[in-house]
Every structure is written in C-alpha cells, then in structure tokens.
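Working notes, structure below.
The values are calculated or read from the model by the stated rules, or taken from the named source; none is laboratory data. As the structure is a prediction and not an experimental result, all values here were calculated from the model. Positions of Cβ are generated from backbone atoms using ideal geometry, with glycine treated the same way; all protein chains shown enter the neighbour counts. Heavy atoms of the whole protein, side chains included, go into the accessibility calculation; ligands, DNA and RNA do not. Shrake-Rupley method; radii C 1.70, N 1.55, O 1.52, S 1.80 Å.
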Amino acid sequence: MLDYAVIGGGIGGVLASAVLSHMGKDVMLFEALDYLGGCAGTFKRGGFYYNAGAATFVGKEEHLPVGKLAKYLGVELPVKPIDPAMVVYIEDKVIKRWKDADKSLYDIETAFPGIKHGGFWRRVHQVSQSLWSIWQDTLPYPHYLSPIKSFFKHTKDFLSVFMCNFLDAKKVASVYLGRFNSDYELFLTHHTLITAQGFLEEVPFSVASLGLTYPNLTNYYVVGGMGKLLDAFAQRVKSIAFKTKVKSIKRKPWGFVVETNRGNYEAKRVILNTTIWNAGELIEELRDFSEKAKRRYSKIWGAFVVYMTVEGSLPEDFAHHHLMLFREPIPYTGSRSLFLSISEKDDPVLSKDGTRSITLSTHTKLELWEGLSNEVYAEKKERATEYALELVYKHLPELRNLKVLNLFAGTPKTFKTYTRRYRGSVGGVPVIKQNFPFRYPSPLTPVPGVYLVGDTVFPGQGWPGVSMGVVNLLKFIEKDFKLC
Ligand SMILES: Cc1cc2nc3c(=O)[nH]c(=O)nc-3n(C[C@H](O)[C@H](O)[C@H](O)COP(=O)(O)OP(=O)(O)OC[C@H]3O[C@@H](n4cnc5c(N)ncnc54)[C@H](O)[C@@H]3O)c2cc1C
C-alpha cells in the first residue's frame, strides 16, 4: 500500500514525489513515457536531442520556489547563469533584456524614444519584488487565513501589491506611459503572453509585473537539456515506474486502486499531474469536475514548435533565447511571435559533435489544428515550418547559412499524443482577470484523497509557477511540511 501514487512525471509530479519521498512517505511516480519532464522534458529523435518546449529557466534563487525546493531536497542543478535573458526583435529594433534593470531600461528607452519609461518600470519592479517576498506566506491558496497571515507578516509589501491583483495591466501601463505606441504594446504584451498566457489587457497588473521582470531574475542555461533538471530532482523520488500509463483509478473504502498497463497498485492518496480537464478520464467521480473545468477555463492555448539540429559556426556571443515579434499575425498559427532557443556550443548532450539543437515555438489556437485530414494537416505543418523559418532568418541571418541536419515540427496534436494533455493544450490555465485571483483552480478536488499539481492549478505555468503549486499542495496535505 503506497502512501501516494503520483500520476505523471512533469515538473509538478516529479517535485511533489521528491518532496514526499524526502519526508519519508512511500511514493511511486507513474510516467507513461520513458523520460521525465512532459512539456519541460528533453527527448531524442533521429539521433539528436531537443527540449520539448520549455527552455528558459528561472526561479532558482534561494528565496524563490525552485531554489527553496532544491535547497530543501539538497539537489544540485546542472545550470549556468546567462545574461541577457533574451533578445527581443521588433522590425528593426533589437532590445536585450539584461539582468541589470537599469541596463535593460536603457535598451528599452533607446528602442522606444519619447516616452517616460522610468516610473512604470520602477513600479513594475517594486510590485514583483513585493510579490516574491510574500509568496510563501500567501499559501495555501485558496485559504481565508493566508491573506491575513501575509498582511500581518509583510504589511508594506502586502499593501503594495494587494490592489494590483485587481487592476488591468494595460490601463496601469497607459497611466504611466501615456499613449504608448503599438510596437511598445507588442513588446509588453508578449512578456505577459509567454509567462501568464494572457495579453496585457487580460492580465492583472500584479501578474504582468512578474512577467515583465522575469528577465531581471537570474536566468539559467540548463546543461544537457531541460530534462536534466527533472533527472536531478528525480534522484530524491523513492520509486519511478517508466513506460507505465495509468488507465484508471478506482476509489475503495481504504484508498485507491491505480490500474496501469503494467498491473495494479494500491495507494492511500493520489496526486494527478494531468491537466484539470483530463482528471475525469482517470477517475469516474471527477468526470463532472473536469467537464465543468472545460467550460469554465475554455480560453486555452496550444503551441506550434519547430525542432531543428544545425551544424556550423555562430558568433561567440550569440544569445540563448530570441523573441521575435511581428506587427502582422503569422499565417497558419495566428500568433505574432516566435521564441527561439539554441543550445550552447559545448553542451555535451544537445550540441554533440559540433551540432546545435534549436527549439522554435509560438502560440497557436487549438482549433486551427483540429479536424484536418492527414494530408491537409501534414501540408499545413510543412508550410507553417517554412514560413516560421523565413521569419527567423530575417532577424537572425547567421542561422540561414547553417547546415540543417534534422527538422520537424510539433503541433497541439503532437502534444496530445506525447503528453496526453487535453486537446494538446499547453501553458495551463491562463492567469487572466477572468480567472485570477478568485476563480483560479486549486489543487483540491471533490474526491477526498485526490489532488492536482501542474500548470492547470494555482498559480499556473512554467518552472516558477508549477513549483510554487507543489509547495501550495503540500501545505494543504502534509502538516509536517515546512520550507525554510
Ligand atoms: C512550447 C512551450 C514552451 C515553454 N517554455 C517554457 C519556458 O521556457 N520556461 C518554463 O518555465 N516553462 C515553459 N513552458 C511551460 C512549462 O513547460 C509547463 O508549464 C510545465 O512543464 C508543465 O508541467 P506539468 O507539471 O503541468 O506537467 P506536464 O508537462 O503536463 O507533464 C505531465 C506528464 O504526465 C504524463 N502523463 C499524463 N497522463 C499520464 C497517465 N495517464 N499515466 C502516466 N503518465 C501520464 C505525461 O507523459 C507527462 O510526462 C513552455 C511550454 C511549452 C509547451
């Protein structure tokens, strides 16, 4: 009889399993694939390795969620700091997002002259710093005691950010910046889109502040691919069953029976690292819960991703991450941005034998890839890839001359196949005003003993979001759990 069966080895499942194992619980982590990470994993194809999606890593400082968990578990992460965090391109403008806030602001002022930027960016930094100092004491969420505790412990920071949860980020930006031009809006709105999955006018100012300032945290390159972060945390997990797909979970008076393709297991409690929309496929009693979540959180995103292995030389200072923004939407995907991440020259896994691994991603609507015949789907994928690459070469001509050794694309259909996520959606539940702060999903489900982790529960996506969600869950379910 396991204490916990954890279903899914994404960031949420691995971190939750590692902490519970560390606390002495009998834990088994079930992962359908033969590697960990899901959307944040690293996979092999055609002899080369690729980051599935996630390539940016932040939150490792000791006061931030991943850093706290790594310290608690005594895990060393295979990372090195990078600066700038990314380079942003809009037509002929090039803006480097340096860690140093003043240096970064100088680049922004140069790209968008004639605007008084200082007040806005000062406020954005103040709000994000306050949020990062109070995050731990605002958990568990949702709980009536958390805001009270946070207020008394961090009165100044609490007051500084409280109202920002209810203010429209675009309106606040307009108050500080006046009538800012459309390229500047494109720049700001894509910071919130890639971090909170919502445009500037959709997200609360508090959430926008975190998205706008993530480049000013220490950003890291993960040596060997993002999957190595999961492998590092997984060393603390008591037991992992790879290639083990959980087919269903049956409730019993004493706990649960977890039915897999490799046999059945008994557990007192279950943690689902599936999306909130998939939960009902595994547990009959959660069917209505998941259906309701599909209606309630219907604004969701998919990703179109191009994976590429290239060979040839690049300038020594070629940045790791490039965000390209466009005034017109990209045909086939409907988005206005491309995010390119490239492996370091001497990465032992991703850049073997002088090659480099590229992951190029963009948001896309799920319905654009649904209901297509195989031929139409394949052609659309090919055209979208060609179009995206031409856009990339305009901003990064150095890449055009490299020899392409492997090239293929992933769509929501691909994410559905590999990660099993509902409709192949990624990025979780957007942290937008219609959901946040009061309507955001919590880790608790209507079935006692069954819980959720991952990017579809509070506070959302990415390494910082999902790891904070793990801390949130553990604060609910394990009284002895204490992070320093
Ligand atoms: C294109 C793209 C780019 C991104 N870029 C970044 C970035 O740069 N930085 C960042 O921090 N975040 C980024 N993100 C977001 C981040 O990757 C995700 O928010 C995060 O990885 C989600 O983690 P999760 O815990 O929800 O698990 P998931 O990634 O959803 O993983 C779930 C796991 O569960 C397994 N599973 C599902 N069902 C079953 C079952 N029935 N039985 C057994 N196993 C099962 C799956 O195989 C999978 O491994 C990006 C996402 C995408 C798609």
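Observations on the model:
- Scanning region 250-265 for residues that are surrounded by fewer than 17 Cβ atoms within 10 Å (Cβ to Cβ) and among the hydrophobic types (A, V, I, L, M, F, W, C) yields Trp254, Val257.
- Residue within region 57-69 that is within 16 Å of the ligand (Cβ to nearest atom) and either over 18 Å from Asn219 (Cα atoms) or of a type in the set (Phe, Trp, Tyr) (or both) present: yes
- Scan of region 266-279 for residues that are within 12 Å of the ligand (Cβ to nearest atom) and either surrounded by fewer than 24 Cβ atoms within 10 Å (Cβ to Cβ) or not in a helix (DSSP H, G or I) (or both), ordered by number: Val270, Ile271, Leu272, Asn273, Thr274, Thr275, Ile276, Trp277, Asn278
- Screening Val270, Val207, Val203, Val175 for residues that are over 24 Å from Pro430 (Cβ atoms) and aliphatic (A, V, I, L, M) leaves exactly one candidate, Val270.
- All of Lys247, Lys292, Lys238 fail the test of being touching an Asp or Glu at 6+ places or on another chain (Cβ under 6 Å) and surrounded by fewer than 20 Cβ atoms within 10 Å (Cβ to Cβ), apart from Lys247.
- Tallying residues that are open to solvent by 10 Å² or more (accessible area, probe 1.4 Å) and either acidic (Asp, Glu) or more than 14 Å from the ligand (Cβ to nearest atom) (or both) within region 202-212 yields 2.
- Some residue of region 127-143 being modelled with pLDDT of 95 or more, open to solvent by 70 Å² or more (accessible area, probe 1.4 Å), more than 19 Å from Lys68 (Cα to Cα) and part of a helix (DSSP H, G or I): no
- Summed over region 295-305, residues that are among the small types (Gly, Ala, Ser), within 10 Å of the ligand (Cβ to nearest atom) and open to solvent by 10 Å² or more (accessible area, probe 1.4 Å) total 1.
- One residue stands out in region 418-436 among those that are touching a helix residue (DSSP H, G or I) at 6+ places or on another chain (Cβ under 7 Å) and assigned to a helix (DSSP H, G or I): the one that is farthest from the ligand (Cβ to nearest atom), namely Arg423.
Residues checked against (1) open to solvent by 10 Å² or more (accessible area, probe 1.4 Å); (2) part of a helix (DSSP H, G or I); (3) under 26 Å from Lys299 (Cβ atoms):
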residue	(1), (2), (3)
Phe152	yes, yes, no
Lys171	yes, yes, yes
Phe187	no, yes, yes
Ile194	yes, yes, yes
Leu200	no, no, yes
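- The set of residues in region 348-382 being out of contact with any helix residue (DSSP H, G or I) (no Cβ under 8 Å at 6 or more places or on another chain) and acidic (Asp, Glu) consists of Asp353, Glu367, Glu375, Glu379, Glu382.
- From the list Gly47, Gly9, Gly38, Gly67, the one residue that fits, being surrounded by fewer than 16 Cβ atoms within 10 Å (Cβ to Cβ) and out of contact with any Cys (no Cβ under 7 Å at 6 or more places or on another chain), is Gly47.
- Qualifying residue in region 15-22 (condition: open to solvent by 10 Å² or more (accessible area, probe 1.4 Å) and either modelled with pLDDT under 95 or on the phi > 0 side of the Ramachandran plot (or both)): no
- Every condition in (1) in contact (Cβ under 8 Å) with a residue 24 or more places away in the chain; (2) under 30 Å from Cys484 (Cβ atoms) is met by Gly67 except one, and the failing one is (1).
- Selected residue (only one of Tyr4, Tyr50 is of a type in the set (Ser, Thr, Tyr), within 15 Å of the ligand (Cβ to nearest atom) and over 19 Å from Ser357 (Cα atoms)): Tyr4
- Among the criteria (1) in contact with a strand residue (DSSP E or B) (Cβ under 9 Å, 6 or more places away or on another chain); (2) without any contact (Cβ under 8 Å) to a residue 24 or more places away in the chain, the one Gly46 does not fulfil is (2).
- Whichever residue in region 437-484 is of a type in the set (A, V, I, L, M, F, W, C) and away from the ligand (no atom under 16 Å from the Cβ) and, among such residues, is most open to solvent (accessible area, probe 1.4 Å): Phe438
- Single residue of region 74-89 satisfying the filter (over 13 Å from Lys228 (Cβ atoms) and surrounded by fewer than 18 Cβ atoms within 10 Å (Cβ to Cβ)) that is farthest from the ligand (Cβ to nearest atom): Gly74
- Within region 241-260, the set of residues being near the ligand (Cβ under 9 Å from one of its atoms) and more than 27 Å from the chain's Cα centre (by Cα) comprises Thr260 only.
- For Met163: the one exception among (1) surrounded by 19 or more Cβ atoms within 10 Å (Cβ to Cβ); (2) without any contact (Cβ under 8 Å) to a residue 40 or more places away in the chain; (3) in a helix (DSSP H, G or I): (1)
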